[in-house]
1. Note down the Stokes-Einstein diffusion coefficient of the range 25-176 in µm²/s, whole number, using a Kirkwood radius over alpha carbon pairs, 10 °C, and 1.306 mPa s.
2. Before rounding to the nearest 500, sum -39500 (n - 2.57) across all DSSP H runs of length at least 4 in the chain and divide by the residue total; then give [θ] at 222 nm in deg cm²/dmol.
3. Limiting things to C-alpha atoms, what are the Rg and the maximum Cα-Cα separation (Dmax) for the range 49-115, in angstroms?
4. Quick one: give the max-minus-min coordinate of the C-alpha atoms of the range 354-442 along each principal axis, largest first, in Å.
5. P(r) for the range 93-186: what percent of alpha-carbon pairs falls in each 10 Å bin, starting at zero?
6. Can you bin the range 248-376 into rounded, prolate or oblate? Criterion: square roots of the alpha carbon gyration tensor eigenvalues sorted a ≥ b ≥ c, rounded for a/c under 1.5, prolate for a/b above b/c, oblate for the rest.
7. Calculate, for the chain, the solvent-accessible area per residue in square angstrom, rolling a 1.4 angstrom probe over the heavy atoms of the protein chains.
8. Can you pick out the pairs among K140/K276; K3/K138; K138/K328; K140/K328 whose Cα atoms lie more than 26 Å from each other?
Amino acid sequence: MIKWERCSTELPTTQFLILNIALGFGHFITILNAGAYLPMLPYVAGSIGEGLPYVVWGQSNYFAAMGAAFLIARPLMRRFGAVNTALIAYILFALSCLFVLLTTSMYPLMTAARTLQGFSAGLSLSPSLSILLMHYKKPKQHIAVALWGIAAFTPFSIGPALGGFFAYVLGDWRLLFAISACLITMVAAVIWLLHRKSVDGLDSAYPIQSHLFLFSLFAIACIALQEFFNIGLISALTSREDELWLAAAIFCLFSALFWFKNNSVEYPLLNFKVFKYPNYAFGLMVLCLAFMALQSSIVQYLIRLQLVEGYTAWHAGLLFLPIFVFSKPLNILAQYFIHHGYDPRVLACISCFGFALSFWWMSTYTRPAPWESLLLPQFLEGAAMGLLLISMTTIALGNVPPEEQLHAVDILNTFRNLSAGLAITLSDIGWDHYLAYVKNHMTFQGSIAKEALSAHFYELGFAEPAVQHLLRLKVNSVSGLLTLNAMFYTLALIFIVLGAAVWWASPRHIVHKSTVQDSVVESLGEEP
């Protein structure tokens, strides 16, 4: 039982509890919107009158903007303080939720609103945790980190179920944004009321203008790269050459400007010196590839469960609830092993092979499969997820000095979430290409499958036009089911390779006297 009065540094117990609840809700809501939107995508497409590939842009941009925000959050905290930065982030999040509701008839503006929402979500995470730690006595800060980490896996488990509930059960996906705006405004109000007279470490001499300029270059480059593949999603990277070249040119130009300007200033926004430490670059690469594969599986499964297997958004979302059962307990167990000197490569390898087994299991179903039978692999996936982020973050940061770890974990989060945004679009492109391949294989002249299906329909007494129509429907259905299984089989192979690759990392690491900062960077490394 937590004795709250012994944890607070200065706030009365009641106010301290209210602050904990408010920050917990703020953390929960901002990262929940990343996962809750996914099962809604077919419903959003129907509401705004656009195809599904266009609606996916809002989700991929959300992650791209969230990733970029991690780089600027800490400089803003240093200049304006954690409280002011958190307030700005939460107010922007509430406004962007309202902006989404007001722009459903104007698709480009709605995508911009989702991008702003992702940026504000990423901007809120570091200052919120900083505020929480600020109000805990140092010997009790491990409690703050533990409470904060509870929400870490909700985007992958509770988020899809909640999104499906709003879209299908309540019948209006817009309620997610309306309720989020109201709750996050209340969170901002609580933080403001409890900190009206406090000044938390403002550094008026900090060169924030230089960082804002560098961030603008970095953010434009990130969005341009994402837009290149967003355009590629609706053109299969084979048409719209002018738009593709423009996006590529903007990305190259602003990337080059950021590189030269960032390396020429005294306080760089992205300190590339962290890449000199053993395991950091390698750990970052493996983490990004693993998270891309994981994000691809989640996005495609939620969409294809509805469009290919015919489940509702509610049933598709509920299928992800088992992930939460083992993800957090295994995460806590992994943290215990790592803090007691166990090799994190073992945990990372077990995690990757766990994902591989889970995805291989999913690839063996004869689809469409009964909903209840699809639940079992999700428990295994949740267990693997609980081990992945903490083990790979530990591998990457194992040789980074304590004074550089917070910046290093911000870089990890930036590139991991940028990779997640790219994964959403690239997995859609891959799906479309493989689906077309399967359809062509089933319908080419002389195909055994085509002839068998045609003969079956003729035997049932259908005329030629009806046979051709039924044949197209059957080919579309079967090719989608085959592509779904092929996707999981491919993901299983990817995780087998990644599970073997982690052993290339060096076993050497720095031993820290205090595990509090380790717990902080591990918690930040799991967002979201």
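The values are calculated or read from the model by the stated rules, or taken from the named source; none is laboratory data. Computed from a prediction, not measured in an experiment: that's the story for all the values here. Note: ideal-geometry Cβ built from the backbone for every residue, glycine included; neighbour counts use all protein chains shown. To get the accessible areas, we keep the full protein, side chains included, count just its heavy atoms, and leave off ligands, DNA and RNA. Shrake-Rupley method; radii C 1.70, N 1.55, O 1.52, S 1.80 Å.
1. In µm²/s, the coefficient is 99.
2. After summing the helix terms and dividing by the residues of the chain, the value is -25500 deg cm²/dmol.
3. 14.0, 44
4. For the range 354-442, the Cα extents along the three principal axes come out at 58, 29, 17 Å.
5. All Cα pairs, binned at 10 Å, distribute as 14, 36, 33, 14, 3, 0 percent.
6. oblate
7. Counting only protein heavy atoms, the per-residue value for the chain is 42 Å².
8. Correct reply: K140/K276.
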